[in-house]
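Notes follow once the structure below has been shown.
What follows is calculated from the coordinates using simple rules that are stated; it is not laboratory data. Quick caveat, the model's predicted, so the values are computed rather than measured. Because the Cβ atoms are built from the backbone with ideal geometry, glycine has one as well, and the counts that use them run over all protein chains shown.
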Amino acid sequence: MRVVLCNSASPLTPIPKPPTFPATVNWPHKTLVGALTGALSFSLLISSPSSIALDSASVPASPSSHSSATDYCRQDDDTEAMSETAPELVTNEAIVEEAWNIVNDSFLDSSRRRWSSDIWKQKKEDILGTSIQTRSKAHDIIRRMLASLGDPYTRFLSPAEFSKMARYDMTGIGINLREVQDDNGGVKLKVLGLILDGPAHAAGVRQGDEILSVNGMDVTGKSAFEASSLLQGPNETFVTLEVKHGNCGPVQSIQVQRQLVARTPVFYRLEKIENSAASVGYMRLKEFNALARKDLVIAMKRLQDMGAKYFVLDLRDNLGGLVQAGIEIAKLFLNEGETVTYTVGRDPQHEKTITAETAPLITAPLIVLVNNKTASASEIVSSSNTFLYAVTLQFLYM
């Protein structure tokens with residue numbers, strides 16, 4: 001498949017310039033390092049514990065083959081969110097220290113500032129040497145602390161900012177999943193983030209829970225994206241989850257009502273080429289939300305059926321959204337085995353390469369339109385193909 005990347009500085013003919021869309025935000029961190037492995041550069045997004053749903057009420061256990069009273073288990077960092085301390089009892093100092101620990105454990109300095117662990121440890125002593133009276137002051141301290149890193153991609157998300165991410169819910173029930181390696185080398189799925197008072201939280205799902213099955217289907221070994229697809233369904237329908245609370249907690253079957261808030265981000269049409277019998281399939285992708293991949297696949301198949309011989313993917317003014325959606329969409333245009341993204345870090349154990357698993361959905365020539373507001377997940381899609389040719393055009397004629 002031939003792909004051309006076009007940086008269009010002027011309105012297109014005959015395609016009008018699309019409007020500017022609001023900026024998007026990424027998912028937060030602490031259990032967040034793994035979720036960001038698809039990012040182009042290291043990003044640290046922190047949400048205070050008050051923005052993540054915790055619950056001190058005990059949850060009754062239900063019989064399951066996944067648990068046993070005699071099974072050996074151990075607690076780890078993932079179960080911190082399962083503590084019986086209610087969110088309002090988390091101290092301001094603890095929030096600041098958690099943010100400090102995330103940077104200390106995972107920050108990768110890609111600038112010339114030469115980040116020093118010794119200086120960072122001194123900063124902790126200076127900050128936590130005095131009492132932090134209010135939650136807002138704790139948030140301000142975190143912002144100043146992260147600003148000192150000089151990294152524009154390391155930032156703090158307040159609870160209010162975190163709640164705005166509901167529109168990027170990939171599941172329709174208000175949870176975000178991550179893949180965790182177990183002691184046997186297999187993969188299990190844990191709840192990375194919860195939308196406070198969202199459908200899953202209201203039904204009893206908690207941060208750090210392990211998802212065992214969806215509607216009776218075992219999800220052991222499945223990717224977070226595959227499990228999220230199983231959770232999706234028509235608005236106001238129900239999905240049944242079997243979850244294990246924490247590492248050693250009870251297993252519970254929970255029924256959750258889906259509440260879809262995402263709207264289709266895909267607009268498409270067939271364009272006739274002047275003085276030619278061929279047609280061009282034009283696809284405009286406004287953002288990378290939960291519906292992006294599914295609706296783009298539908299658009300491409302319909303345009304093919306309508307006779308499209310060439311395709312245009314318009315990513316101008318697309319500021320991103322779900323990184324995983326960007327990765328999955330990039331795979332639609334790559335040959336099997338080709339690299340989508342790769343990550344590097346301080347710990348080689350966390351280095352990861354993501355490749356396409358199947359043949360491309362289309363093999364027809366593709367033009368990708370970008371501008372200075374094509375960012376984040378859009379950059380993954382526009383730059384992942386090894387056959388990209390970057391050109392700058394004032395006008396593009398098809």
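Here are the numbers:
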read-out: Separation of the Leu89 and Gln257 label points, Cα + 7 Å toward Cβ, nm; value: 3.1 nm
read-out: FRET efficiency, 1/(1 + (r/R0)^6) with R0 56 Å, evaluated for Thr134 and Phe225 via beta carbons; value: 0.90
read-out: 30 Å Cα-Cα threshold exceeded, pairs from Lys123/Lys190; Lys309/Lys331; Lys301/Lys373; Lys222/Lys301; Lys121/Lys244; Lys124/Lys244; value: Lys123/Lys190; Lys121/Lys244; Lys124/Lys244
read-out: Residue-wise HN-Hα coupling along region 139-145, computed from phi with Karplus coefficients 6.51, -1.76, 1.60 (Hz; x: Gly, Pro); value: 5, 5, 5, 4, 4, 5, 4
read-out: Lys, Arg +1 and Asp, Glu -1 on Cβ, resulting dipole of region 246-333 about Cα centre, debye, nearest 20; value: 160 debye
read-out: Pairwise label distance in nanometres, Ser276 with Arg143, each label 7 Å out on the Cα-Cβ vector; value: 5.1 nm
read-out: Estimated FRET transfer efficiency when R0 is 56 angstrom, pair Lys294-Asp118 (beta carbons, to 0.05); value: 0.70
read-out: Cα→Cβ-extended label distance, 7 Å offset, between Asp183 and Thr264, nm; value: 4.9 nm
read-out: Region 262-365: GluC sites (Glu not before Pro) falling in loop per DSSP and having at most 10 other Cβ within 10 Å; value: Glu274, Glu357
read-out: Net length gained if the chain between Thr339 and Glu236 were fully extended (0.36 nm per residue, minus Cα distance); value: 33.3 nm
